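Worksheet for the structure shown next.
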Amino acid sequence: MSVQVVLVHGIRTSATMWRAQVAHLEERGTPVTAVDLPGHGSRLGEEFTLDEAFATIDRAVQDAATRGPVLLVGHSMGGLLSIEYVGREEPPPVAAFIAASCTSIPRGVGLAAYRFLARRFDSLPDRGLGLTNRVLDRTLPPETRPDFGAGGYAFDAQDTALASLSVLDLLASVRRIRVPLWFINGQWDQLRVNEKLFASLAPHAELIVVPRTTHLVTAMRPRVFNALLEVALTTIEAST
């Protein structure tokens, strides 16, 4: 049975952010599913709720697990949700897990500041899209530049999604994860703040910091991230 990959995107973006990874996996013949969380991408009209977000991940994982061992990969908000999901007291059928750009506890002053800035950008006439585009133009390579916003931006779901993250018990969840686990962060990622704590709670995990890379590690250094996918895939394939 071949390894199945499930990809979970970050806040505001959609499944399209994974185009470089989907292309790589399809080229190697590895089945892959990139989900859209509620209120994002093809589901922009829906309300974001944690229950439906977890249900979305679980449906994709349970379906993939009928065909082979599952590698779950989550980025940013998708990574935080996936940490909570993989670390359930009754573990889901996940064979290995990559948590990218998500080693931060979404609570307190940090989360409040993030929500404040997000609301300020959202209050601009273009909802901050012009500034977003300028930043992406300057930081992402041409081959991945269109991918981050190709599915639209989830402006309406953003604050609700951010607020909901505060109830996650990530530290307890990390402690319960027993499958092979990789924390992958960009060198300049603002969500690296608790990476040493996360790594200490999962002694079997590997912490990988990609040099000269921001929070958008999957799109800024797609070949590096794809190489790290290969590490996880090879690990699973060697054990089956």
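The values are calculated or read from the model by the stated rules, or taken from the named source; none is laboratory data. These numbers come from a predicted model, not from an experiment. Counting neighbours? That spans all protein chains shown, and the Cβs are built from the backbone with ideal geometry, glycine included. The accessibility values were calculated without ligands, DNA or RNA, using every heavy atom of the protein model including side chains. Shrake-Rupley method; radii C 1.70, N 1.55, O 1.52, S 1.80 Å.
The single condition among (1) touching a strand residue (DSSP E or B) at 6+ places or on another chain (Cβ under 6 Å); (2) under 19 Å from Ala163 (Cβ atoms) that Thr33 does not meet is (2). Taking the criterion of being more than 15 Å from the chain's Cα centre (by Cα) and open to solvent by 60 Å² or more (accessible area, probe 1.4 Å), the residues of the stretch 187-209 that qualify are Gln187, Trp188, Val193, Lys196, Leu197, Ser200, Pro203, His204, Glu206, Leu207. Of the residues that make up the stretch 10-18, is at least one open to solvent by 10 Å² or more (accessible area, probe 1.4 Å), basic (Lys, Arg) and on the phi > 0 side of the Ramachandran plot? Within the stretch 10-18, one or more residues are open to solvent by 10 Å² or more (accessible area, probe 1.4 Å), basic (Lys, Arg) and on the phi > 0 side of the Ramachandran plot. For the stretch 103-123, the count of residues that are under 19 Å from Asp36 (Cβ atoms), modelled with pLDDT of 95 or more, out of contact with any Cys (no Cβ under 7 Å at 6 or more places or on another chain) and open to solvent by less than 80 Å² (accessible area, probe 1.4 Å) is zero. Hey, does the stretch 163-181 have a residue that's in contact with a strand residue (DSSP E or B) (Cβ under 8 Å, 6 or more places away or on another chain) and not β-branched (Val, Ile, Thr)? Looking through the stretch 163-181, at least one residue is in contact with a strand residue (DSSP E or B) (Cβ under 8 Å, 6 or more places away or on another chain) and not β-branched (Val, Ile, Thr). If the requirement is being more than 27 Å from Gly128 (Cα to Cα), open to solvent by less than 10 Å² (accessible area, probe 1.4 Å) and at pLDDT 95 or above, which of these qualifies: Ala64, Ala60? The conditions single out Ala64. Is one or more of the residues making up the stretch 127-138 part of a loop (DSSP other than H, G, I, E, B), open to solvent by 50 Å² or more (accessible area, probe 1.4 Å) and modelled with pLDDT under 85? Within the stretch 127-138, one or more residues are part of a loop (DSSP other than H, G, I, E, B), open to solvent by 50 Å² or more (accessible area, probe 1.4 Å) and modelled with pLDDT under 85.
Restricting the stretch 72-93 to residues that are over 19 Å from Ala199 (Cα atoms) and in contact (Cβ under 8 Å) with a residue 24 or more places away in the chain, which is least open to solvent (accessible area, probe 1.4 Å)? So the residue we want is Pro92. Can you confirm whether Asp159 is buried (at least 18 other Cβ atoms within 10 Å of the Cβ), closer than 30 Å to Leu140 by Cα and acidic (Asp, Glu)? The answer is no for Asp159. Pairs meeting the criteria (first residue in the stretch 127-145 and within 14 Å of Met220 (Cα to Cα), second residue at pLDDT below 85 and open to solvent by less than 70 Å² (accessible area, probe 1.4 Å), beta carbons under 8 Å, at least 6 apart or on different chains) are lacking.
For (1) buried (at least 19 other Cβ atoms within 10 Å of the Cβ); (2) among the polar types (S, T, N, Q); (3) touching a Leu at 6+ places or on another chain (Cβ under 6 Å); (4) more than 21 Å from Gly149 (Cα to Cα), each residue gets a yes or a no:
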site	(1), (2), (3), (4)
Val32	yes, no, yes, no
Leu37	yes, no, no, no
Glu46	no, no, no, no
Ala55	no, no, no, yes
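Scan the stretch 150-165 and give yes if some residue there is farther than 22 Å from Leu50 by Cα and modelled with pLDDT of 85 or more, otherwise no. Looking for residues that are farther than 22 Å from Leu50 by Cα and modelled with pLDDT of 85 or more, one finds at least one in the stretch 150-165, hence yes. Quick one: which helices (runs of 4 or more DSSP H) sit completely within the stretch 1-101 and have at least 2 residues that are under 17 Å from the mean Cα position of the chain (by Cα) and over 18 Å from Phe225 (Cα atoms)? Qualifying helices (runs of 4 or more DSSP H): 50-65, 77-86.
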